[in-house]
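Working notes, beginning with the structure itself.
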Amino acid sequence: MTSRLLDLAGRWLRGFGEGYYTIGSAGHEGNAALAAALRPTDPALLHYRSGAFYCLRAAQAAGGVPAGAPDPATDAGPGPDRTTAAQDGPGGDGAGAGLPAGGGDDPTPGPRIPEPRTAAPDVSDPNGHEDAGPDAVTARPALDAADAASLPLGAAVVVDTAGEATVDAPPLPAPDPDDAYAEAARDVLRGMVASAREPIAGGRHKVFGRADLAVIPTTSTIASHLPRAVGMGLALERLRRVGNGRQVGQVDGETTVGAPWPPDAIVVCSFGDASVNHATATAAFNTAGWYDHSGLRIPVLFVCEDNGLGISVRSPQGWVEATLRAKPGIRYFAADGTDPVKAYRVAAEAAAWVRRQRRPAVLHLRTVRLMGHAGADAETAYRSPAELAADAARDPLLATARTLVEAGFAGGEELLARYDERGWQIRRIAEEVLDEPKLASPAEVVAELAPRRPVRVSRSVADAADRAAGPGAGARAAAFGGRPPESAGPLTLAQSINAALADGMLDHPGMAVFGEDVAAKGGVYGVTKGLRDKFGAARVFDTLLDETSVLGLALGAGVAGMLPVPEIQYLAYLHNAEDQLRGEAATMRFFSQGAFRNPMVVRVAGLAYQEGFGGHFHNDNSLAVLRDVPGLVIAVPARPDDAAPMLRTCLAAAAVDGTVSVFVEPIALYHTRDLYTEGDGEWLAEYAPRGAWGAGHVPVGRARVYGVGSAEDVTIITFGNGVRMSLRAAATLADEGIGTRVVDLRWIAPLPVADIIREASATGRVLVVDETRRSGGVGEGVIAALVDAGYVGAARRVAGLDSFVPLGPAARQVLVSAEAITQGARTLLAR
């Protein structure tokens, strides 16, 4: 009821320009039955038509509605042998597999309402209820044990002298202006009017979310949240199996113990029928089934709320069911969401099965869509009057009222009075939230985008050094076989990253490294070699070949309290999955005011210049897709002695601030040893000893400067492979009497603007060397920073062409070279 009235309030607010969101939940109120079948501690990622779910979850948390009943089998372990359980999967004969809508006989305990002896008046006829008021005792059949176990809460049982039992249906609770439903309505209305007091997004978006309700906001429910749900399920099960879900990590410099949800929690993730066709949905289902087939347990309940429409596009008859049934490793349940009692029974069975088996399932909840897609949607343009009338006849609100009347819980007049009373209550709340403040400044809007506390991050790095030298010294010596990296001599870039990853794993117990080929093989370039042997397959593991799922696992692991370090094998492969960073990872803090966060460090092997190998998929030189993602940190280490401290910074920022970082590792520099001449070894560097980590800390957004010659004539600003080429060019220029400052940006986002301005002003001549493309390349940001700061000196760019990188020697025609850098500096000086 509250959910429906909220939809109407949204239209009312929009009518005079004070409401900004009119996608409602009308027709989907059956998802309240789903909420009732779950526990308020089960994390939920909700479809945008989940108003009823949200309201009931709030009432559960407040104690106004009983939570889903505990499954007695849960405490006895994960369930029967997998071979037996697999027989109940799609196509099997187990209970629930292929269950028709509404379900048939259901052994799961639930609020079964005994049928009355005589037909009760229909809810549409309030006068028919005169003979059986809410306080009347209604005759019932004799109660058996099963009936007694499923009586509604508050029902009284009267046994007469003949031994016949009758049930006195409890009256509906009196409405309370301060009840949980009213508070949930206030949350939703605040979102509709973009109030800064809205509890999760603070006026930044209208989402369903609240940390104390374990409802995680989803900013786009077109299936992009499904991969995260799979990651959460995998993380929950891993944490449950390691110390009964208890973990130790570092947050804000403090030691924390425990996962955010109970060990037997399950993840629920709802979406619409049109989203079944989305690539991210396919990825999520495939990954869940792949892991289930591999023997790993993922306790996720997918819920497809199927109203048959994606705005105006119909789902073909039977398509959704056929699609969901065909998902290997995912058990199928189905229910009619317009029948609240049957929907509850099947939802309870599905939730209990997932909780007991710790395996994925999908609940196909058939619904109707009332009041259109949104306020501006004129359904009559694409739906017939008969179709609209048929949906109206299946209105779940009327079905619920009819059930209450037929069971003797209430009369039609009473329910209508409740409806009107609640409607006026919500109207009053809507008027109240209209006067609440809105976000009124840029600073307020971006406050929770990606807050950074560099002092705490620096202290976290120093503390890690102290732990490595103190209580963690023994474990570190064992992990490195008695030969720590600082005593191994000069290292390559790949070796330095490998050692820093190992030190990170030692310092962050919740850290996990995963991706394609990272475990058994040790990575395509050997960067993760030996990590699985050191830290075990639970923390270093291979994934299936799908970048969307790799990032989805990281998203879920991060929000579940872990510190994920996923690897994307090549930069070009990231484009398959970039929305998992843009639409999911980067938005979590922004749309939850920091209540939820998904810290991660995404390692990406990238950029060009691989000799004798590649083509554009293995030599991609484009970072544009990452540079404009708000709040995303992009690191590009060039030197081994920068790579380790920069990686430590990214890990510390993830642990302290929940930062999402992309750590782009130049492939061509992985195993480079020499700088100027063959055999000089000048690109190698020593790994810093533990006592030097604090002093050698590299803050986010700080550059490194190399002076060559007098360093007074020209400033070269570059990064990645450009650093090595620029230093070689600077040596040539020095032979000509030209002094050069080479600035290694190190951080592409945020750019080290202060360092750029300072070093540019020192010479008055700037050459920007950008190995990415001229259009959308990093150089554009550097030039813009100079202009914005009022730089008045000379500036010039040397950049890659707007082209994909071709195979073989032809690549040199489109990429920057040391010779082009040298000539660019000469031209700049000749002006």
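The values are calculated or read from the model by the stated rules, or taken from the named source; none is laboratory data. In this text, all values refer to a predicted model and were calculated from it rather than measured experimentally. Every residue, glycine among them, receives a Cβ derived from its backbone with ideal geometry; neighbour counts consider all protein chains shown. Accessible surface areas use protein heavy atoms only, side chains included; no ligands, DNA or RNA. Shrake-Rupley method; radii C 1.70, N 1.55, O 1.52, S 1.80 Å.
When a/c is below 1.5 the answer is rounded, else prolate if a/b is larger than b/c, else oblate, so apply that to the range 672-806 with a ≥ b ≥ c taken from the square roots of the Cα gyration tensor eigenvalues. Provide the component values of the computation, followed by the final result.
Details: a/c = 1.32, a/b = 1.22, b/c = 1.08.
Judged from the Cα gyration tensor, the range 672-806 comes out rounded (a/c under 1.5).
Taking the alpha-carbon centroid of each part, what is the distance from the range 441-462 to the range 557-578 in angstrom?
Taking the Cα centre of the range 557-578 as reference, the centre of the range 441-462 is 22 Å away.
Between the range 692-734 and the range 587-634, what is the separation of their alpha carbon centroids in Å?
So the two Cα centres are separated by 23 Å.
Under the rule a/c < 1.5 gives rounded, and otherwise a/b versus b/c splits prolate from oblate, where does the range 616-660 land using the Cα gyration tensor?
oblate
Shape verdict for the range 520-602, please, from the Cα gyration tensor: rounded (a/c under 1.5), prolate (a/b greater than b/c) or oblate. Each step should come with its number before you reach the end.
Values: a/c = 2.78, a/b = 1.51, b/c = 1.84.
In terms of gyration-tensor shape, oblate.
Of Thr677, Thr548, which has the most accessible area with a 1.4 Å probe, and how do the rest follow in descending order?
Details: Thr677 85, Thr548 15 Å².
Most to least solvent-accessible, the answer reads Thr677, Thr548.
Would you be so kind as to identify which of His618, Ala653, Val559 lies farthest towards the positive end of the dipole of the range 531-689, taking Lys and Arg as +1 and Asp and Glu as -1 on Cβ and the Cα centre as origin?
Projecting each Cα onto the dipole axis, the largest value belongs to Val559.
How long is the range 276-395 along each principal axis, judged by its Cα atoms, biggest number first, in Å?
Taking the Cα atoms of the range 276-395, the three principal extents are 50, 33, 24 Å.
Filter the GluC sites (Glu not before Pro) in the range 753-831 down to the DSSP loop ones having no more than 10 other Cβ atoms within 10 Å, then list what survives.
Here no GluC sites (Glu not before Pro) fit, given the DSSP loop and packing criteria.
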